[in-house]
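Have a look at the structure below, then the notes.
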Amino acid sequence: MGRQGRWRTGLVSAMVVVAGCASAPVEVRSPDAVVIREQWPEAPPHHESPREWFDAGARVAQERGAGQHDARNLILFVGDGMGPTTVAAARILAGQTRGQTGEENLLSFERFPFTGYSKTYNVDLQTPDSAGTMTAIITGVKTRAGVIGIDSSALRGDCRGTAAATLPSLLHLAEEQGLATGVVTTTRVTHATPASAYAHAVDRDWESDALMPPEARAAGCHDIARQLVELASGNGIEVVLGGGRQMFLPASATDPEYPDVHGSRIDGRDLIAEWQTANPTGEFVWNDAQFRALDFGTLDRVFGLFQPGHMQYSHDRPADAAGEPTLAEMVLAAITRLQREPKGYLLIVEAGRIDHAHHAGNAYRALTDTVALSDAVQVAVDHSSAEDTLILVTADHSHVLNFAGYSVRGNPILGKVSDAHGTLDTDLMGLPYTTLAYANGPGYAGESDTQPEGTKRFSHESTQSRPVTRGRPDLRDVDTTSPDYLQEAMLPLGSETHGGEDVGVYARGPGAEAVRGVMEQNVIFHLLGLAQPRLRAHMDEAGPTAD
């Protein structure tokens with residue numbers, strides 16, 4: 001796919017599948033008809049109530065010493081899909097980029113003094129999705145896949161269950177207690193992970209009203225973009241930076257960057273204009289020049305949407321016509337604005353395109369976006385104090401990236417398995433293979449409906465695949481370090497899947513000492529909330545609203 005195709009990731013058209021973090025696709029056939037094809041099984045019966053999840057998480061956090069030290073500020077980084085293999089491979093790539101062998105390197109957050117592991121399953125899925133996992137992280141309650149800020153008492157897609165199942169998030173709590181807040185992401189700001197910070201939706205795909213069934217709109221459920229602009233908690237979010245203009249613009253509006261792209265909203269509302277009216281001292285920006293012209297040390301608040309869909313991968317960002325800030329630059333801007341709040345701040349940052357690159361079977365972009373996250377964390381470290389700022393870095397889930405073979409130390413992490421003499425290791429058929437590979441995904445060597453048999457190239461979007469007829473491809477003359485090379489996949493899938501293993505939790509600052517061992521993912525909410533005195537005093541206002 002050329003550059004024109006890459007910026008279109010996550011756009012909505014007359015008939016489109018909204019792709020995301022293992023989201024069940026939503027196909028928009030007309031403005032009033034939405035067909036949801038569930039990819040997940042019915043939820044099995046379980047015995048943990050939302051209240052039990054919340055109380056158990058609080059108990060574990062307190063047993064580990066949470067709440068014994070005071071953090072004025074909280075910064076949560078989420079590497080979407082950044083499992084242990086991704087971290088290890090990215091660490092090596094970052095080191096090799098600097099001329100090292102790589103294995104001895106550490107990413108910025110790997111230098112943090114306290115670490116643990118988080119169990120990522122949803123209440124209904126062994127291998128989770130991002131909506132349920134981020135809801136657990138940010139509300140303290142494990143829930144089912146596909147819902148945002150909603151406990152497991154509600155069924156996905158059933159608007160009637162929303163009111164009784166809403167879960168206050170850490171951001172809602174922070175706003176009510178007068179903290180400044182920010183949400184920064186490389187995806188659409190309405191996508192599952194960032195949306196979990198502020199929204200309540202029984203379907204993660206309801207990012208715009210056009211993506212909601214008519215009965216849900218009629219029943220009074222609101223789309224995620226509308227919820228962001230109409231957020232009633234406190235005085236609203238001071239910093240919102242990411243992608244997703246299309247979800248905020250009416251279908252009649254032309255995108256400012258791409259004349260052939262229009263908004264998605266069918267209610268006729270221009271939510272960007274409404275935000276500007278409601279925040280006359282705020283700034284809306286959509287390109288890099290506008291972003292760089294802002295003085296984040298003095299501005300009141302900012303709303304930045306740098307793409308109609310998701311922001312660019314780090315590798316592709318330099319070619320973007322209008323330009324985009326990097327994740328590190330957005331984090332610095334957010335901290336510069338938020339740190340002026342005397343009561344403290346909460347900043348939530350997502351490196352969301354790590355996940356998308358993995359789904360595409362493209363380790364290069366997944367790893368370079370992980371390195372970009374590491375750079376952003378270092379910016380946060382450099383512009384905050386370990387005396388008053390708790391920084392916690394984690395992932396919502398993993399992916400099925402494998403790290404194998406017996407390569408000599410310093411071998412290119414994206415290369416083929418090789419010994420100290422440069423001799424390629426081979427399989428039992430005499431064919432070389434790469435250090436990194438996927439258990440499933442678009443990299444399967446068989447012929448598909450869009451690419452011939454053999455190695456696959458980014459972006460490989462297919463709906464059909466045929467069995468391999470010539471065996472594994474011979475990689476001797478293939479540059480597997482190329483940004484567009486897709487690692488081989490054992491099973492053919494249009495989109496590579498998440499992995500179910502535990503993910504790392506890394507912490508620095510007041511309260512970080514409570515991060516240790518293996519914990520349920522919802523414990524993270526309590527570790528953060530109990531560290532901030534103003535939030536600690538109001539933790540009883542969080543948790544399930546109906547028991």
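A short reminder: the numbers here are calculations on the coordinates, not readings from a lab. Given the structure is predicted, the values throughout are model-derived calculations rather than measurements. Quick reminder, even Gly has a Cβ in these numbers, built from the backbone with ideal geometry, and neighbours come from all protein chains shown.
What size of dipole, in debye to the nearest 20, comes out for the chain about its Cα centre when the only charges are +1 on Lys and Arg C-beta atoms and -1 on Asp and Glu C-beta atoms?
460 debye
Cα to Cα, under 18 Å, and not fewer than 8 places away if on the same chain: which lysines meet these conditions relative to residue 416?
Reachable lysines: 456.
As I understand it, the dipole of the chain uses +1 on the Cβ of Lys and Arg and -1 on the Cβ of Asp and Glu, about the Cα centre. Which of 497, 229, 256 lies farthest toward its positive end?
497
If I histogram all Cα-Cα distances within segment 150-304 using bins 5 Å wide from 0, what percent of pairs lands in each bin?
2, 9, 17, 22, 21, 16, 8, 4, 1, 0
Counting Lys and Arg as +1 and Asp and Glu as -1, each charge on the Cβ, what is the dipole of segment 403-496 about the Cα centre in debye, to the nearest 20?
Dipole size: approximately 120 debye.
Around residue 268, with a cut-off of 12 angstrom between Cβ atoms, what is the net charge of the other residues, counting Lys and Arg +1 and Asp and Glu -1?
Charge balance in the 12 Å sphere: -2.
Of the peptides 96-105, 80-89, how do they stack up when ordered by the mean number of other Cβ atoms within 10 Å, highest first? Before the final figure, lay out each step's value.
On the way: 96-105: 13.6, 80-89: 24.5.
With the highest mean Cβ count within 10 Å placed first, the list reads 80-89, 96-105.
To two decimal places, what compactness ratio does segment 480-521 give when its Cα radius of gyration is scaled by 2.2 N^0.38 Å? Could the numbers behind the result be given before it?
On the way: Rg = 17.5 Å, N = 42, 2.2 N^0.38 = 9.1 Å.
Computed over Cα atoms of segment 480-521, the ratio equals 1.92.
Name the lysines eligible as straight-distance cross-link partners of residue 142: C-alpha to C-alpha under 23 Å, and not fewer than 8 places from it in the same chain.
Straight-distance partners of residue 142: 119.
Lys and Arg at +1, Asp and Glu at -1: add these up for the other residues within a Cβ distance under 15 Å of residue 302 and post the number. Intermediate values should be presented prior to the final figure.
Details: positive: 245, 292, 301, 337, 340; negative: 238, 283, 288, 295, 300, 324, 329, 341.
Around residue 302, the surrounding residues sum to -3.
Need the full-extension length gain, residue 278 to residue 111, defined as separation in residues times 0.36 nm minus the C-alpha distance. One decimal, nm.
Details: separation 167, 0.36 × 167 = 60.12 nm, distance 4.21 nm.
Value of the extension gain: 55.9 nm.
Calculate, in whole percent, how much of the Cα-Cα pair population of segment 403-496 lies beyond 21 Å.
29 percent
Sort 162, 423 so the one with the fewest other Cβ atoms within 10 Å of its own Cβ comes first.
Ordered from fewest to most neighbouring Cβ atoms within 10 Å, 162, 423 come out as 423, 162.
Note down the net charge around residue 497, summing +1 for each Lys or Arg and -1 for each Asp or Glu among other residues with Cβ under 13 Å from its Cβ. Before the final figure, lay out the partial values.
Details: positive: none; negative: 129, 355, 496, 501.
My count for the surroundings of residue 497 gives -4.
How far, in nm, would the chain grow between residue 419 and residue 289 when pulled straight, counting 0.36 nm per residue and subtracting the alpha carbon separation?
The span from residue 419 to residue 289 would gain 42.0 nm if fully extended.
Could you list 134, 330 in order of exposure, starting from the residue whose Cβ has the fewest other Cβ atoms within 10 Å?
Fewest-to-most Cβ neighbours within 10 Å comes out as 330, 134.
Restricting things to alpha carbons, find the Rg to Rh ratio for segment 330-393 using the Kirkwood radius for Rh.
1.07
Within a 10 angstrom radius of the beta carbon, how do 75, 335, 148 rank from fewest other beta carbons to most?
335, 75, 148
Tell me, in nm to one decimal, what length is gained between residue 385 and residue 340 on full extension, where the rule is 0.36 nm per residue of separation less the Cα-Cα distance?
That works out to 14.8 nm of additional length.
Grab the beta carbon distance between residue 518 and residue 439, set R0 = 25 Å, and tell me the FRET efficiency rounded to 0.05.
Efficiency for this residue pair is about 0.60.
Could you check the simple spin-label distance between residue 298 and residue 260, using points 7 Å along Cα→Cβ, in nm with one decimal?
Modelled inter-label distance: 4.2 nm.
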